[in-house]
Amino acid sequence: MDAPRTFVVRTFGCQMNEHDSERIAGLFEADGLTAVDDDDAADVIVLNTCCIRENADNKLYGHLGWLRQWKDARPERQIVVSGCLAQKDRETVRSRAPWVDVVLGTHNVHRASELVTRARVDGPVTEIFDEAVIDDHALFPSALPAKRSTSYDAWVTIQIGCDNSCAFCIVPSVRGAEISRPFDDVVTEVRDLVSQGVTEVTLLGQNVNSYGRDLQLARRREGEEASLRPLFADLLREVGAVDGLRRVRFTSPHPKDMRPETFVAMAETSTVCEHLHYPLQSGSDRVLALMHRGYTADRYLERLAEARRTIHDLAVSTDIIVGFPGETEDDFERTLEVAAEAEYDYAYTFIFSPRDGTEAATMVDHFVDPAVISERFSRLRLVVERAAVRRHRDRIGRIEEVLVEGPSKKDPTVVSGRTRQNKLVHFRPTSPVRVGSYGIVEITAAAAHHLVGEFRELTAEPAHRTRIPVASL
């Protein structure tokens, strides 16, 4: 009897890509393939791609160059390119790397295993759907079999696509229009995950706080009475009430759609973590208008202040782009001012990267000099890291509950865990603790990107059974 074929999934990009990778791995295992960690031991390698920033393209095609030798060593091996870059580039992927066997996009993840089998018989195949298939088991990755990267936490897709038109973002082009997953399906999946030992879930969507508006509109079209308000706050409460669940997170909301009832639901639902990722992008009203973000800096700060008034001990993170086309020194100063006033716990700062197919990529005449961008980027990092250190130092002496994620890569005697505020804490336990456990740590030191603590006690053993890795780049 032939040994089962083996596979590796390599992920580039965001949580959506990671979640899709888990589904691809689950489909392969359901089809009889076996996961391995080592590329040399694999018969199939999947590169699940992102196209938000230019370096994602460079990573992909650089990796494909190396994989040419990998495939030449054993021609029966197969290379699969999936995800957002595949959706955008389509035939370009194979024209640049003709040794690729399968190219599939964001709307047909459910066909990954079938296409690999077909390519073994018929040769290379490219299949890109222009829009989502209206079928729950094809439409939402969470409805497919899963091979999760961890067994104690899980991604749960509540929405795909995006109806916004941010000038810098390629997501609407590669993920399609916004479609919300049925409310009861989300809650049912969370209950199933908890029954498997999951204690923390992260609700995923491109714009989670607009979740459900399309569902309400569909009900109204069918003659039912339904308001068009988003259902996200209701979903938070219902998911948060699932028995056995300890933590609920979500990402990402859009500031223009953030509503007071979401803050109230976060404050009143004990399982919802006190962390809000709140993307600013720019502090200049002029640049925000060019980006089509739909809010002003003042409105952003007002909603942020309301969130902090409503939710006790809230940690806030953000995204900021430096060097958007046409950004002046005055525009950048406004960004520094807003970042200083917001006092983020941490920030993801990005240098503007033009993506083909976006409005911003056509603004070539207004591109900012790279040397100017670099200098601004350094100044912004100083502002956000100064705030992060200050907020982290304020936590010294506090008692925090952490979810244990595993030993440090640098020092195996040090264990890392994450607080409800999504802060990484390093500590040395007094006795071995299993991944997925919960424990109490007293914070003793602080840095810009992590905390240090002393382990006090174990509060909960993990409920999961196994940990199955899915490789990520």
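The values are calculated or read from the model by the stated rules, or taken from the named source; none is laboratory data. Please read all numbers here as calculations on a predicted model, not as lab measurements. All Cβ positions, glycine included, derive from the backbone under ideal geometry; neighbour counts span all protein chains shown.
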**Message:** Please determine whether any residue of segment 222-238 is more than 30 Å from residue 192 (Cα to Cα), modelled with pLDDT of 95 or more, of a type outside the set (Phe, Trp, Tyr) and buried (at least 21 other Cβ atoms within 10 Å of the Cβ).
**Reply:** no
**Asked** Out of (1) surrounded by fewer than 16 Cβ atoms within 10 Å (Cβ to Cβ); (2) under 28 Å from residue 246 (Cα atoms), the odd one out for residue 386 is which?
**Response** (2)
**Prompt:** Would it be correct to say that residue 375 is loosely packed, with under 15 Cβ neighbours inside 10 Å, among the charged types (D, E, K, R), out of contact with any Asp or Glu (no Cβ under 9 Å at 6 or more places or on another chain) and in a helix (DSSP H, G or I)?
**Reply:** yes
**Prompt:** Out of all the residues in segment 1-32, which are touching a helix residue (DSSP H, G or I) at 6+ places or on another chain (Cβ under 8 Å) and more than 24 Å from residue 85 (Cα to Cα)?
**Reply:** 6, 30, 31
**Asked** Just checking, which of 214, 234, 243 is over 21 Å from the mean Cα position of the chain (by Cα), in contact (Cβ under 8 Å) with a residue 12 or more places away in the chain and under 30 Å from residue 361 (Cβ atoms)?
**Response** 214
**Request:** Can you run down the residue pairs with Cβ atoms below 6 Å, 6 or more apart or on separate chains, where the first is in segment 326-339 and in contact (Cβ under 8 Å) with a residue 24 or more places away in the chain and the partner is crowded, with 16+ Cβ neighbours inside 10 Å and of a type in the set (D, E, K, R)?
**Result:** 332/376
**Request:** State all residues of segment 220-241 that are within 17 Å of residue 158 (Cβ to Cβ) and charged (D, E, K, R); if no residue qualifies, say none.
**Result:** 229, 234, 237, 238
**Asked** Among the residues of segment 200-218, how many are among the hydroxyl-bearing types (Ser, Thr, Tyr) and buried (at least 23 other Cβ atoms within 10 Å of the Cβ)?
**Response** 2
**Complete:** Condition set out of contact with any Cys (no Cβ under 8 Å at 6 or more places or on another chain) and of a type in the set (Val, Ile, Thr), scope segment 171-187, selection surrounded by the fewest Cβ atoms within 10 Å (Cβ to Cβ): answer is 187
**Prompt:** Hey, among 185, 135, which residue is charged (D, E, K, R) and modelled with pLDDT of 90 or more?
**Reply:** 185
**Prompt:** If you scan segment 8-34, which residues turn out to be in a helix (DSSP H, G or I) and of a type in the set (S, T, N, Q)?
**Reply:** 15, 17, 21
**Message:** Testing residue 143 on (1) surrounded by fewer than 19 Cβ atoms within 10 Å (Cβ to Cβ); (2) at pLDDT 90 or above; (3) of a type in the set (A, V, I, L, M, F, W, C), one condition comes back false. Which one is that?
**Reply:** (2)
**Request:** Among the candidates 194, 190, single out the residue that is among the β-branched types (Val, Ile, Thr), surrounded by 21 or more Cβ atoms within 10 Å (Cβ to Cβ) and modelled with pLDDT of 90 or more.
**Result:** 190
**Request:** Name the single residue, out of those in segment 402-444 being in a strand (DSSP E or B) and small (Gly, Ala, Ser), that is nearest to residue 455 (Cα to Cα).
**Result:** 439
**Message:** On the basis of being outside any strand (DSSP E or B), polar (S, T, N, Q) and surrounded by 14 or more Cβ atoms within 10 Å (Cβ to Cβ), does residue 87 make the cut?
**Reply:** yes
**Prompt:** Got at least one residue in segment 168-182 being at pLDDT 90 or above, touching a His at 6+ places or on another chain (Cβ under 6 Å) and not in a helix (DSSP H, G or I)?
**Reply:** no
**Prompt:** Are there any pairs, at least 6 apart or on different chains, whose C-beta atoms fall under 7 Å, with the first in segment 353-382 and in contact (Cβ under 8 Å) with a residue 24 or more places away in the chain and the second assigned to a helix (DSSP H, G or I) and among the aromatic types (Phe, Trp, Tyr), and if so, which?
**Reply:** 376/332
**Asked** Taking the condition touching a Lys or Arg at 6+ places or on another chain (Cβ under 8 Å), farther than 30 Å from residue 324 by Cα, not acidic (Asp, Glu) and not assigned by TED's automatic domain parsing to the domain that holds residue 318, does residue 433 pass?
**Response** no
**Message:** Kindly evaluate residue 208 against the criterion of being out of contact with any Asp or Glu (no Cβ under 7 Å at 6 or more places or on another chain) and either modelled with pLDDT of 90 or more or within 18 Å of residue 314 (Cα to Cα) (or both).
**Reply:** yes
**Message:** Residues to consider are 262, 269, 251; find the one that is under 18 Å from residue 422 (Cα atoms), in contact (Cβ under 8 Å) with a residue 12 or more places away in the chain, within 22 Å of the chain's Cα centre (by Cα) and not assigned by TED's automatic domain parsing to the domain that holds residue 348.
**Reply:** 251
